[in-house]
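Remarks on the structure that follows.
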Amino acid sequence: MSIISTGKGLNKYDVHICGNTIPTSQLNRHIGLKNKVLIVADDGIPKQHITKLKKLIKNKNVKVFIFKQGEKSKSFKTYQKITNQLFKYNFDRSDILIAFGGGVVGDLTGFCAATFLRGIKYIQIPTTLLSQVDSSVGGKTAINVPQGKNLIGSFYNPSYVLISTFFLQTLSDSQYKSGLGEVVKYAFIGNKRLKNIIQNNANKIVSKDENILKLIITESIKTKSKIVTLDEKESGIRAILNFGHTFGHAIEAHHKYKDISHGAAITLGMIIAARVSFYEGHISEKQLKNVIEIIDSLNLNSDFKKYKYSGLKKYMAADKKVSKGKLNLVLIDKNFKAFKTSNFNNKNILKAFS
Ligand SMILES: NC(=O)c1ccc[n+]([C@@H]2O[C@H](COP(=O)([O-])OP(=O)(O)OC[C@H]3O[C@@H](n4cnc5c(N)ncnc54)[C@H](O)[C@@H]3O)[C@@H](O)[C@H]2O)c1
Ligand SMILES: [Zn+2]
């Protein structure tokens, strides 16, 4: 089991990463024995996981709230349903929420915790690979509104994060690959050790080998944690976590957020961004090939050619990475370090798509 301490000052919290066996002492210490607990989950997580979690918790005042799975539930309506439960059970500031599921559950539950009585404790137990390596760490909580995704929210750290590879065994192939997209992102934006692990163990990653999963999750969290701790409110370096996301978000929007997972879209976005990096002279042809080889070795889709810049441009203009009318891109350099820039030749974007 590895433990990564993240966050700053009073907002510090531990992220525990374990294999298929889940240690419970820290979990129970964070939950406490006497206070009330509400587990929030969606109806897409296999029931056996909820039963298992309830068994691991010693506290006897545990309630479970389940909402309909899917991005649509990350709404005011579900927010109200959850907070209504908290009022119904007379939750106070000593009580605790547990977000048990993917990023939708985590973002929504985190936002309830951030705002209920101006803030109560919550624990993240992420169960998708994407939420394990990305959304459960960094304290971003949010709901969607008709005006856009994640536009209402706050930065509010959990008090504890527990990650077990056990839950990943039931994930769909597409969900698993979506999370792998974010894992390779950390390898491309600076985590050399992770890049080596992936290059040497692609088959084990594809077959969800417990030990390798533990390693790649730990390395991913190390990178995310380092970056978000340096820039808690996303005003600077945190932008490099968006490598592949400007093009990836445009691809998701082009598909109307259907038929393609977030990770699959950003994987294609990373290839396009790596190609821009190559045409801008920041990486060599060999390094560009290396990016694509890594993606292919994990059986992730690398076929970016069906997308045209002309078709995606309008979505990129609406992206929040456009500031003062100029598009910002996150590119990579020859040391596989990411950097944000608005200084590039538009012709190289066109070339990157061809
Ligand atoms: N806060 C952040 O920093 C951050 C970062 C990245 C993404 N996000 C958010 O995360 C969300 C996407 O998260 P996601 O990809 O985890 O999607 P998700 O939460 O919708 O989960 C995907 C599906 O997997 C199911 N599921 C969950 N655990 C399972 C398991 N162990 N076995 C089988 N099925 C399981 C869920 O029921 C759901 O149907 C988006 O809303 C996005 O905005 C937030
Ligand atoms: Zn992402």
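The values are calculated or read from the model by the stated rules, or taken from the named source; none is laboratory data. What you see is a predicted model; the values in this text were computed from it and never measured. Every residue, glycine as well, gets a Cβ built from its backbone with ideal geometry; the counts of neighbours run over all protein chains shown.
Quick notes on this structure:
- Leading residue by the ranking (farthest from ligand 2 (Cβ to nearest atom)) among those in region 131-143 that are of a type outside the set (S, T, N, Q) and under 19 Å from Asp231 (Cα atoms): Gly139
- For region 115-164, filtering for residues that are within 26 Å of Ala187 (Cα to Cα) and of a type in the set (Gly, Ala, Ser) leaves 6.
- Filter result (surrounded by fewer than 21 Cβ atoms within 10 Å (Cβ to Cβ) and touching a Ser or Thr at 6+ places or on another chain (Cβ under 7 Å)) within region 29-41: His30, Asn35
- The lone exception for Ser302 - which of (1) modelled with pLDDT of 95 or more; (2) part of a helix (DSSP H, G or I); (3) away from ligand 2 (no atom under 15 Å from the Cβ) it fails: (2)
- Residues located in region 144-165, provided they are more than 16 Å from ligand 2 (Cβ to nearest atom) and touching a Ser or Thr at 6+ places or on another chain (Cβ under 6 Å): Ser154, Tyr156, Val161
- A residue that is within 16 Å of ligand 2 (Cβ to nearest atom), closer than 26 Å to Phe76 by Cβ and not in a loop (DSSP other than H, G, I, E, B) cannot be found anywhere in region 181-195.
- Candidates Ile292, Ile283 - the one that is under 25 Å from Asn348 (Cβ atoms) and surrounded by fewer than 20 Cβ atoms within 10 Å (Cβ to Cβ): Ile292
- Scanning region 109-130 for residues that are away from ligand 2 (no atom under 16 Å from the Cβ), assigned to a loop (DSSP other than H, G, I, E, B) and crowded, with 24+ Cβ neighbours inside 10 Å gives a single hit, Thr127.
- Total residues in region 221-260, condition touching a residue at least 40 places away in the same chain (Cβ under 8 Å) and near ligand 2 (Cβ under 10 Å from one of its atoms): 6
- Cross-chain or 6+ apart pairs with Cβ under 7 Å, region 129-142 first and more than 20 Å from Ile45 (Cα to Cα) and outside the structural domain of Cys112 (by TED's automatic domain parsing), then within 13 Å of ligand 2 (Cβ to nearest atom) and of a type outside the set (Ser, Thr, Tyr): none
- For region 150-199, a residue qualifies if it is buried (at least 22 other Cβ atoms within 10 Å of the Cβ), small (Gly, Ala, Ser) and within 16 Å of ligand 1 (Cβ to nearest atom), and the qualifying residues are Ser164, Ser178, Gly179, Gly181.
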